[in-house]
Amino acid sequence: MSIVLETQSVTKRFGGLTAVNSVDLQVPEHTIASVIGPNGAGKTTFFNCITGFYIPEEGDVLFQGASLIGIAPDKIAKLGIARTYQNIRLFNTMTVIENVMVGHHPRMKKGLIGAVLRGPSTVAEERDAYRMAMDLLRFIGLKDKADVMARNLPYGDQRRLEIARALANEPHLLLLDEPAAGMNPQETAAMTEFIRRLRDERGQTILLIEHDMRVVMGISDQVTVLDHGEKISEGPPDKVKRDPRVIEAYLGKPLEEDV
C-alpha cells in the first residue's frame, strides 16, 4: 500500500513555544488516519504545516514522495490536498451547487479570457463542472437542494456541503478538521457513516482531526495522539485507547467514554 502523506520530524515554533515537536506520520492510500489530543496539543498547527499555511522550522512534509516545504497553500491544493476547517467556511450568499463548483476551480483550465469570451471549450468545461458538482451533491444527499442558498441549510448539511466542496478539487488527500464539531448525536452518526463511505465507496484517503472519540474509534484505520506538540502514541484504535500515556493525557478518563 503506497504512502500518500509522510511527515518527517516536523517541528513548528512560535517564539519560545514549540507547538509541534518532531512529529512523524505516514498516511497510507485509501485509509482514514486520525490525529487526536487534548486542546492545545498542536493538531491544527500540524494540519497548517501540511497545507502550507505554516512553514516548519525543522523536518519535511512529503506528498506522494515530493516535499511540500515552501509551496504556497493554493499550489498545494492544486497538487491534490483539500481541507475543511473547524469553523464552517461556506459562501453563504451562493447556492449549494455554486459552492461545490467553486471547489472545482483549481482543476479548470480556462482562465479569465476564456470566461469573458465564452468559447465552446469554456462552455464545455463549465458544463462538465456542473455535472461533476451534481454528482457530488447526489452522493452527499443534497441533490434536491442544489439551488438553495448555503446559509439556509441545516447545520449537518452545511458540514457535508463543505466536504463536497473540498472533494470537488479531486484531492488525493482530504484533511477534515473536526467535521462532527457542534453536531447532535444523530448528525454525528450520519457524519461518521458519510466519512466511512468516502473511504469505502470513493477510495478517498483521509486525515482527520476530531474530538469525538466515538467517531475516531469507529472509523479510523490508524490513530496518532499528540500531547503538548509531541506524538505520544500511534496505532490501531484498540491499541491506542488502552495506552496508559493516552489515558493520562485525557485526565484518566477512558477514551471510549470521552465525547
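Things worth noting here:
- Across all directions, the shadow cast by the convex hull of the chain built on its C-alpha atoms averages 14.7 square nanometres.
- Sorted ascending by nearby beta carbons within 10 Å, beginning with the fewest, 69, 140 become 69, 140.
- Placing +1 on each Lys and Arg Cβ and -1 on each Asp and Glu Cβ, with no other charges, gives the range 134-259 a dipole about its Cα centre of roughly 280 debye.
- Neighbours of residue 56 by Cβ distance under 13 Å: Lys/Arg scored +1, Asp/Glu scored -1, total -2.
- Distance distribution note for the range 1-94: the fraction of Cα pairs above 19 angstrom is 44%.
- Cross-link pairs beyond the 24 Å C-alpha cut-off, checked among 12/75; 78/241; 43/75; 78/239; 12/241: 78/241; 78/239; 12/241
- You can think of it this way: the chain between residue 147 and residue 228 has 24.7 nm of extra reach, that is 0.36 nm per residue less the Cα-Cα gap.
- What the phi angles of the range 36-50 give under the Karplus curve with 6.51, -1.76 and 1.60, with θ = phi - 60°, is a coupling list of 10, x, x, 4, x, 6, x, 5, 5, 4, 4, 4, 5, 5, 5 Hz, glycine and proline written as x.
- Environment charge of residue 183, counting only residues whose C-beta is closer than 12 Å and scoring Lys/Arg +1, Asp/Glu -1: -2
- Taken as Cα centroids, the range 53-83 and the range 203-222 sit 22 Å apart, rounded to the nearest whole angstrom.
- Rounded tilt (10° steps) of 120-140 against the dominant C-alpha axis of the chain: 50 degrees
- For the range 144-234, the convex hull spanned by the alpha carbon atoms encloses 125 Å³ per residue.
- Residues residue 9 and residue 91, FRET efficiency given R0 of 41 Å [Cβ-Cβ distance, rounded to 0.05]: 0.60
- Among 170, 126, 248, the largest mean-square fluctuation in a Gaussian network model of the chain (Cα springs under 10 Å) belongs to 248.
Coordinate-derived values only; no laboratory data. Quick caveat, the model's predicted, so the values are computed rather than measured. Positions of Cβ are generated from backbone atoms using ideal geometry, with glycine treated the same way; all protein chains shown enter the neighbour counts.
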